[in-house]
Amino acid sequence: MKFIISTLLLVGFYSCAQTPAPKEQTPLKIWFNQPTTKWNEGLPIGNGNLGAMIYGTPNKEIICLNEETIWTGGKDYNRDKKDAGKYIDTIQKLLFSGAYMDAEAVVQDKILADRLSDGKSTYQMLANLFIETPNLDSVSQYKRVLNLNNSVASTRFVNNGVGFKRDYFSSFPDKVMVYKYSADKKGEINMSAWVKRNEQTKISVSENQIIFSEHVGDGHGVKFHAIVHFETEGGTAEVKDGKLVISNADSVIIKVIASSNYRGSNPVTDCKNIWKGVASSSFKTLLERHTSDYQSLFNRLDFKISNDTGDALPTDERLKKVKQGAEDNYLTQLQYQFGRYLLISSSRPGTLPANLQGIWADGFTPPWNSDYHININIQMNYWMAEMTNLAECHEPFLEFVGNLREMGRLTAQKVYGARGFVAHHTSDVWHSTAAFGKARYGMWPMGAAWCAQHLFTHYEYTEDIDYLKNHAYPIMKEAALFFVDFMVEDPKTGLLVTGPSISPENNFLTKEGEKATLNMSPTMDRAIVFELFKNCIASAEILNSDKEFSDLLKSKIQQMPPLKIGSDGRLLEWVGELKEAQPGHRHISHLYALHPSNQISKSKTPELFEAAKKTIEGRLSKGGGHTGWSRAWIINFYARLLEGEKAHENILALQRKSTLPNLLDVHPPFQIDGNFGVVSGITEMLMQSHIDEVHILPALPEAWASGSIQGIVAKKGFEIDMTWEAGKLKNLVIKSKLGNTLKLRYKDEVKEIETKKGQVLSFNSELKQI
């Protein structure tokens, strides 16, 4: 994967070099007047590899440590059910005949592997680091802050007239987490520190460090090694009762390093090498390098819809007022930039992609193993990456998709007798692709195909030919090849369909009133395969190669069923007008063609556009959108439907129903996809570029009557700054990074402008060039 890494780093360098920091940076702080006792209300820091959740408790600080590769389990080449491929034809015939329950029984018995028990293949915390401080019996002036502008968490308080400061950050360039404990009076830092994980953890404590290691999963998982080093200025240090005790110091700097053998290296050697690079580095030097690196990404974009500086009210009190019915534009812009902060903190070049909780996990059995759900959740994590000027942060996911192929080829051959590769609803760091669990979620062979959309999306923003040729297209082609073999002819229509499959996690009612889930060619299947084939065809044309395969896909597309509208005007979710068992289901998978795909739009498919409106209205009227990620998807849907007010209503609903006091998204429980999904939704309310034009302010709500955004990115390499007042565009600046033709839309006016690479175009409120 060295090629893609070097390619994306060049993309990042170009963007960073060409995009100056905003002239007037919006103050962005998540802050509180009290500590927390709850892990999911802590302050998260991270560098893509090392993370921590900071509780901010003065007398007994808890720092939940994370390292991205702390996983139990391993590659299981026998996960696919033996002889499953013998039954696919039988199941298809049952589904074509309407024997849905009989088909499901065969799938459950012959196709789906058992779901692994909790802890067997799961992400885990690295450990809890405890730092106990005695004699803090009169704490006042307390403040706990996460500063998004520089990626530093801090705790400030006064005790008996002494001011105490605690600062925390996780450095990507130095691969270390750094914490500093200090006071405004010498000799006031006293602490007892220890690490706790479990009985299998080997822990060694000396006068200046705690070293711990473990082979996780009772020997079936990674081996890790970690160092927590304490550097004191003044005072004394000793080991007492298994704890590192520091007394009367002026300050203490803590450096945390960790590594595992996940990538085949020796974690002890890794830690030693990292330590050599940071051992003599001062806190100031490490902080400067960290801040410079972080801001090279974060400062590319500035978003402002409020003149508030955020100092008047703590974040939890702001959110409480919103939950009680208020609206707070500062909170929305804070939430937007928090999403960007979280992606920078959990997904960097060379790391794993962000999982269901980013890189943050508490304990040993996080919800859903904190894995990679590839039936929307990981995709939602990355919708925002390119458009919010964080292309490098997309890289771990693009690499992950390619790494699914080894296991995915086995699953394709063993279960379906097909070429290419396939993945189902869930994967993990071992790149599992097997179908498992229950039919309503497990019998879904579309995971790899949906993930492959992101490969072409990255090309659409960067137009990197080498990347397309050597990385993206080969993976997309293999994903498409599976469906060339998998699709079969519907005996009733003669059209090519997919199945057995599902509309993720949803059910319909049979004529007998039973809940069924399996179907041949659910609407989402058709939309995903159509897009995958189209992207492969476009890639082959761009690369001027593979004409035979491209022609084959063109012929297959001609034989696929169209998207269909039901008698009630809504888009059908399954083949035929089947009655929904849960009309308010959280998944709205049949609108994939609207978002994240571009197959439905007002200008190109007006009838389907209206059907999509009715579909989402119907789902919401029955209680849909009740989880954080589902609500975030709805915001994106309404942005695509050009419904700014309804998109805004759902942003408020997300804040009121699915947001924790520290602004983390809650499913419930905490799940990070909603944090990322709301960012892409807000961006698309302000700019869209999915149908070959740059559409300015397509879904601006009245609540954001005046504002600005700098540094968002459109497909074909256009970087955009704009300001609006009283609901109307005031000025617009577009930089052409690739020299493509600009098709620009504002309201009903469309302009087509030839550009040169590096050219900057300025427009006034009437879209006239100035």
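The table below gives the values:
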read-out: Flag if Asp102 is open to solvent by 10 Å² or more (accessible area, probe 1.4 Å), in a loop (DSSP other than H, G, I, E, B) and in contact with a Leu (Cβ under 7 Å, 6 or more places away or on another chain); value: no
read-out: Leading residue by the ranking (farthest from Gln453 (Cα to Cα)) among those in the stretch 584-609 that are in contact with a Gly (Cβ under 7 Å, 6 or more places away or on another chain) and not hydrophobic (A, V, I, L, M, F, W, C); value: Gly584
read-out: Conditions (1) part of a loop (DSSP other than H, G, I, E, B); (2) under 27 Å from the mean Cα position of the chain (by Cα); (3) under 30 Å from Lys243 (Cα atoms); (4) not polar (S, T, N, Q): number failed by Ile45; value: (1)
read-out: Filter result for the condition that a residue is within 29 Å of the chain's Cα centre (by Cα), crowded, with 21+ Cβ neighbours inside 10 Å and of a type in the set (A, V, I, L, M), over Ile682, Ile691; value: Ile682
read-out: Test: Ser247 is in a strand (DSSP E or B), touching an Asp or Glu at 6+ places or on another chain (Cβ under 6 Å), within 22 Å of Tyr168 (Cα to Cα) and hydroxyl-bearing (Ser, Thr, Tyr); value: no
read-out: Filter pass, Phe670 being within 28 Å of Ile374 (Cβ to Cβ), of a type in the set (Phe, Trp, Tyr) and open to solvent by less than 10 Å² (accessible area, probe 1.4 Å); value: yes
read-out: Residue count, the stretch 300-334 (criterion: of a type in the set (D, E, K, R), under 25 Å from Leu686 (Cβ atoms) and in a loop (DSSP other than H, G, I, E, B)); value: 4
read-out: Ser680 being part of a helix (DSSP H, G or I), in contact (Cβ under 8 Å) with a residue 60 or more places away in the chain and not acidic (Asp, Glu); value: yes
read-out: Selection within the stretch 516-544 - open to solvent by 10 Å² or more (accessible area, probe 1.4 Å), in contact (Cβ under 8 Å) with a residue 12 or more places away in the chain and out of contact with any Gly (no Cβ under 7 Å at 6 or more places or on another chain); value: Thr523, Arg526, Phe530, Glu531, Lys534, Asn535, Ile537, Ala538, Ile542, Leu543
read-out: Contacts under 7 angstrom Cβ, first residue in the stretch 141-167 being under 17 Å from Lys185 (Cβ atoms), partner among the β-branched types (Val, Ile, Thr) and surrounded by fewer than 20 Cβ atoms within 10 Å (Cβ to Cβ), 6 or more apart; value: Gln141/Val158; Phe157/Val139; Asn159/Val139
read-out: Residue tally, condition over 19 Å from Asn403 (Cα atoms) and either under 22 Å from the mean Cα position of the chain (by Cα) or of a type in the set (Val, Ile, Thr) (or both), over the stretch 457-475; value: 4
read-out: Given (1) open to solvent by 20 Å² or more (accessible area, probe 1.4 Å); (2) over 30 Å from Asn33 (Cβ atoms); (3) among the hydroxyl-bearing types (Ser, Thr, Tyr), index of the condition Ser121 fails; value: (1)
read-out: Test for Asp551: is it more than 33 Å from the chain's Cα centre (by Cα) and either open to solvent by 20 Å² or more (accessible area, probe 1.4 Å) or under 23 Å from Ala612 (Cα atoms) (or both); value: yes
read-out: Some residue of the stretch 410-421 being over 20 Å from Tyr77 (Cα atoms) and open to solvent by 10 Å² or more (accessible area, probe 1.4 Å); value: no
read-out: Test: residue in the stretch 748-756 that is assigned to a loop (DSSP other than H, G, I, E, B) and under 30 Å from the mean Cα position of the chain (by Cα); value: no
read-out: Selection within the stretch 463-507 - out of contact with any helix residue (DSSP H, G or I) (no Cβ under 8 Å at 6 or more places or on another chain), in a loop (DSSP other than H, G, I, E, B) and more than 30 Å from Ile720 (Cα to Cα); value: Thr493, Gly494, Leu495
read-out: Flag if Asp80 is of a type in the set (D, E, K, R), buried (at least 19 other Cβ atoms within 10 Å of the Cβ) and either in a strand (DSSP E or B) or touching a Ser or Thr at 6+ places or on another chain (Cβ under 7 Å) (or both); value: yes
read-out: Odd one out for Ile616, checked against (1) touching a residue at least 40 places away in the same chain (Cβ under 8 Å); (2) under 24 Å from the mean Cα position of the chain (by Cα); (3) open to solvent by less than 40 Å² (accessible area, probe 1.4 Å); value: (1)
read-out: Residue in the stretch 261-276 that is aliphatic (A, V, I, L, M), outside any strand (DSSP E or B) and touching a strand residue (DSSP E or B) at 6+ places or on another chain (Cβ under 9 Å) present; value: yes
read-out: Condition met for Arg144 (over 22 Å from Ser503 (Cβ atoms), among the basic types (Lys, Arg) and surrounded by 21 or more Cβ atoms within 10 Å (Cβ to Cβ)); value: yes
read-out: Qualifying residue in the stretch 87-94 (condition: farther than 30 Å from Lys492 by Cα and either in contact (Cβ under 8 Å) with a residue 12 or more places away in the chain or open to solvent by 40 Å² or more (accessible area, probe 1.4 Å) (or both)); value: no
read-out: Single residue of the stretch 246-258 satisfying the filter (of a type outside the set (D, E, K, R) and closer than 28 Å to Ile70 by Cα) that is farthest from the chain's Cα centre (by Cα); value: Val252
read-out: Count - residues of the stretch 204-259 that are farther than 30 Å from Gly74 by Cα and of a type in the set (Gly, Ala, Ser); value: 8
read-out: Filter result (in contact with a Gly (Cβ under 7 Å, 6 or more places away or on another chain) and either assigned to a strand (DSSP E or B) or hydrophobic (A, V, I, L, M, F, W, C) (or both)) within the stretch 52-63; value: Met53, Ile54
read-out: Meets criteria (open to solvent by 20 Å² or more (accessible area, probe 1.4 Å), under 29 Å from Ser370 (Cβ atoms) and modelled with pLDDT of 95 or more) for Arg656; value: yes
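To keep it simple, each residue is scored yes or no on (1) of a type in the set (Ser, Thr, Tyr); (2) without any contact (Cβ under 8 Å) to a residue 40 or more places away in the chain; (3) part of a loop (DSSP other than H, G, I, E, B).
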site: Glu684; (1), (2), (3): no, no, no
site: Ile691; (1), (2), (3): no, no, yes
site: Ile712; (1), (2), (3): no, no, no
site: Trp724; (1), (2), (3): no, yes, no
site: Val733; (1), (2), (3): no, yes, no
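The values are calculated or read from the model by the stated rules, or taken from the named source; none is laboratory data. If you're wondering where the values come from, they're calculated on a predicted model, not measured in any experiment. Note that we place each Cβ from the backbone using ideal geometry, even for glycine, and neighbour counts take in every protein chain shown. Just the protein is used for accessible areas: all its heavy atoms, side chains included, with ligands, DNA and RNA removed. Shrake-Rupley method; radii C 1.70, N 1.55, O 1.52, S 1.80 Å.
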